[in-house]
Amino acid sequence: MKTKADIVIIGAGISGCSIAYNLAKRGAKNIVVIEKSFICSGSTGACGAGFRMQWGTEMNCRMSKFSTEFFENANDILEYDGDIELRQSGYLMIANTEKELAQFKKNIEVQHACGIPSRMVSLDEAKEIVPHLNTDILSGAAYCGKDGFLNPHKTTDAYYKAAKRLGVEFYTYTEVTGIRVENGRIMGVETNKGNIETRIVVNAANGWAQGLAKLVGVELPLYSERHQILVTEPVEPMQDPMVMAFNLNLYVQQTPHGSFIMGRSDAGEPRDLRITSSWHFLEEMAKTIDKVLPAIGKLRVVRQWAGLYNMSPDRQPIYDKVDGIEGFYVACGFSGHGFMFGPVTGTVMAEMILGLEPTIDASRLRLSRFAEGNLFTEPSVV
Amino acid sequence: MDENTIICRCSDVTLKEIRELISQGYVTYDEIKRLTRIGMGPCQGKTCGQLVLREIAAATGQSIADLSFHNIRPPVVGVKLHLIAEEAEKHED
C-alpha cells in the first residue's frame with residue numbers, strides 16, 4: 001500500500017470510480033480509491049439498473065441528460081473490453097390520480113426546456129407500448145424513449161478499468177478507520193491496512209457518507225434507508241420500457257437478459273444501514289405487480305435483495321467541499337439515483353477538485369443550501 | 001476439463017469465462033457473479049456455487065472453507081408472484 005497520495009477517494013461504487021477516472025483523465029496523478037469490500041459492492045451494485053431523464057427539477061434534468069449522453073458512448077469512451085448493456089427502450093411513467101398527472105405535465109415543461117424528448121401519452125398509446133398494462137386503474141402516462149436500462153456492475157467495471165489504466169490505484173477490502181485533520185486541513189487517511197498521507201479526501205461512500213463525515217466532526221444532513229428489489233426468472237422479451245409509478249409505488253423493467261427487476265418504497269423504514277430482506281416487501285410488491293401488470297404476476301421471483309438510499313432533504317445530491325476542513329470533498333446524498341448520475345458526478349467533482357471551469361453548473365447542489373433554506377425538492381422519486 | 005464446459009446452467013457461463021475473470025483479479029464469488037450473472041438465475045448458485053469456489057481455491061491457493069459464498073436471500077425456490085399476492089390478500093382484514 002502507498003503511504004502518500006495526492007487524492008484519496010473513499011468508496012468504489014459508480015461515484016468513486018467515475019470521480020477517479022475523471023480526475024486521472026484530466027491529468028491528476030497519484031490517486032487512490034479505498035473500498036471496504038469489493039468494487040461496486042454497495043449501493044450501486046444493488047440498484048435497479050435504470051436511467052432516466054424524466055425528472056421534475058431543472059438540475060436533475062440537466063444532470064441526467066449529460067449522463068445519458070455519456071452512457072450512449074461509454075463503451076467507446078472508456079474503451080471497455082466488455083459491454084455496459086445500454087438499452088434505450090424508454091421509461092413509461094404512469095399516474096393513477098389527476099394530481100399526479102398534473103405533476104407529469106409540469107415535469108415535462110421542465111424537461112422540454114432542457115431538450116429532453118419526453119411527452120404525455122394517452123392510455124391507448126400506453127397500452128400499445130406495454131400491452132399487459134392494466135390501464136383501467138390509470139389516469140394517464142408520460143414517456144421518454146431515450147431513458148432505459150444499463151448494467152450497473154459492468155458500467156462501474158468499465159470506469160474502474162479505465163481509471164486503473166490511467167494509473168489510479170484501488171485498495172479493496174480496506175476499511176477507513178480515521179481521517180487525520182490538523183489545523184482545519186486534511187492530512188491523511190487511516191485504514192485497517194495502513195495509513196496514507198494526503199491533502200485531499202473525497203467522500204463517495206453514499207450510504208456510509210454521513211458516518212464517514214462524523215470521523216472529522218462534520219454532520220451531513222443525510223440519512224440512509226433500505227430499499228428492496230426483487231428479480232424474476234428470465235423469460236422471452238415482452239416489455240420494452242421501465243414502467244414507473246410514484247403514487248402506485250412501483251418500478252419494473254425487463255432486463256436485456258430477460259428477467260424482470262422491480263422495486264417499491266416502504267414507508268417507515270428505519271434509518272440505519274440494514275439491508276436484510278423482508279417478507280412484507282415481497283407481499284406488497286407481489287400485490288402491486290398483480291394489480292398493475294398482471295402478466296408479470298405469473299412469473300416466479302427467484303431472489304430479493306436490498307441496498308441503501310442515501311437521502312438528502314431535497315432528494316438531490318450534494319457536490320461540494322466542506323467549509324472549515326480544507327481538502328474534504330463530498331459527493332453523496334444521491335437519494336436513490338446515484339448510479340444514473342455517475343458520469344455527471346465524476347465530471348463535476350473532478351473539475352471542482354482541480355479548480356477547472358465547470359462543464360455543468362452544479363453550484364445549486366452545494367452543501368450550504370440546507371442551512372440557507374434554499375431547497376428545491378425533486379417531486380419524482382420512488 | 002474442457003474449458004467450454006458450462007458451469008452455470010441458468011446463465012450459460014463457461015469454465016473459460018470464470019478462469020479469465022479469476023486471472024484478471026476477480027477472485028471472489030460475489031465479483032464473478034456480478035460480471036457473469038453466475039448464481040443469479042433460478043438455481044441461485046446451488047448448482048454452480050461449489051464449482052466456482054473450487055476454481056477460485058485452485059487459482060489462489062486458498063482453502064474452499066475460507067472462501068465466502070454470496071448472501072443467501074429469499075425465496076429458497078422460485079414462487080409465482082400472483083400466488084404470494086393472493087395469499088397476502090387472504091390474510092388481510
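Where a number appears in this text, it was derived from the coordinates with a stated rule and is not lab data. Keep in mind that what you see is a predicted model, and the values were worked out from it rather than measured. Neighbour counts are summed over all protein chains in view; Cβ atoms, including those assigned to glycine, are modelled from backbone coordinates with ideal geometry.
Where does the charge balance sit around A:ILE39 when Lys and Arg score +1, Asp and Glu -1, over other residues with C-beta under 11 Å from its C-beta?
Residues near A:ILE39 contribute -1 overall.
Counting charges near A:ILE318 (Lys, Arg +1; Asp, Glu -1) among other residues having Cβ under 9 Å from its Cβ returns a value of +1. Could you name the aspartates and glutamates in cross-link range of A:LYS161, using Cα to Cα under 12 Å and dropping any fewer than eight places away on the same chain? Output for A:LYS161: A:GLU79, A:ASP81, A:GLU169. Of the GluC sites (Glu not before Pro) found in the stretch A:64-167, those in coil by DSSP whose Cβ has at most 15 other Cβ atoms within 10 Å are A:GLU79. Using only Cα atoms, find the angle between the long axis of helix A:152-165 and the longest principal axis of chain A, and express it within 0 to 90 degrees, rounded to the nearest 10. Approximately 30 degrees, to the nearest 10.
Need one number: % antiparallel among DSSP beta bridges in the protein assembly as shown, to the nearest 5.
Numbers: 51 of 70 bridges.
So the antiparallel bridges amount to about 75 percent of the total.
Taking amide hydrogens as placed 1.01 Å from N in the peptide plane, the amide H of A:LEU299 sits under 5 Å from those of B:LEU81, B:HIS82, each at least 5 positions away in sequence or on another chain. Using R0 = 30 Å, the C-beta based FRET efficiency linking A:LYS193 and A:GLU219 works out to 0.60.
Straight-line reach from A:LYS154: taking Cα to Cα under 26 Å and skipping same-chain neighbours fewer than 8 places apart, the lysines in range are A:LYS25, A:LYS29, A:LYS36, A:LYS65, A:LYS146, A:LYS164, B:LYS16, B:LYS33, B:LYS46. Reported to the nearest whole Å, the Cα centre-to-centre distance from the stretch A:232-275 to the stretch B:21-93 is 19. So which trypsin sites (Lys or Arg not before Pro) in the stretch A:19-73 pass both tests, a DSSP loop state and at most 14 other Cβ atoms within 10 Å of the Cβ? Listed in order of number, the matching sites are A:ARG26, A:LYS29. Counting only residues at least eight positions apart within a chain, or on another chain, the lysines with an alpha carbon under 22 Å from that of A:LYS291 are A:LYS99, A:LYS127, B:LYS80, B:LYS90. Applying a 4.7 Å Cβ-Cβ cutoff to chain B, the cysteines left without a disulfide-compatible partner are B:CYS10, B:CYS43.
Quick one: putting +1 on the C-beta of Lys and Arg, -1 on the C-beta of Asp and Glu, what dipole do you get for the protein assembly as shown around its Cα centre, in Debye to the nearest 20? Working shown, then result.
On the way: 50 positive and 58 negative charges, 151 e Å.
So the dipole magnitude of the protein assembly as shown works out to roughly 720 debye.
One equal scatterer on each Cα of chain A, no solvent, Debye formula: the resulting log10 I(q)/I(0) at q = 0.06, 0.10, 0.11 Å⁻¹ is -0.22, -0.62, -0.75.
Identify the GluC sites (Glu not before Pro) of the stretch B:25-93 meeting these criteria: DSSP loop state and at most 11 other C-beta atoms within 10 Å of the C-beta. Working shown, then result.
Details: sites: B:GLU31, B:GLU55, B:GLU86, B:GLU87, B:GLU89, B:GLU92; in loops: B:GLU92.
Answer by residue number: B:GLU92.
All C-alpha pair distances within the stretch B:6-90, sorted into 5 Å bins from zero, spread as 3, 14, 25, 21, 13, 8, 6, 5, 4, 2, 0 percent across the bins. Note that the stretch A:31-38 has calculated 3J(HN,Hα) couplings of 9, 10, 10, 10, 9, 6, 10, 9 Hz, one per residue in order, obtained from phi through the Karplus relation 6.51 cos²θ - 1.76 cosθ + 1.60 (θ = phi - 60°); glycine and proline are x. By the Cβ-Cβ criterion of under 4.7 Å, the unpaired cysteines of chain A are A:CYS17, A:CYS40, A:CYS47, A:CYS144, A:CYS332.
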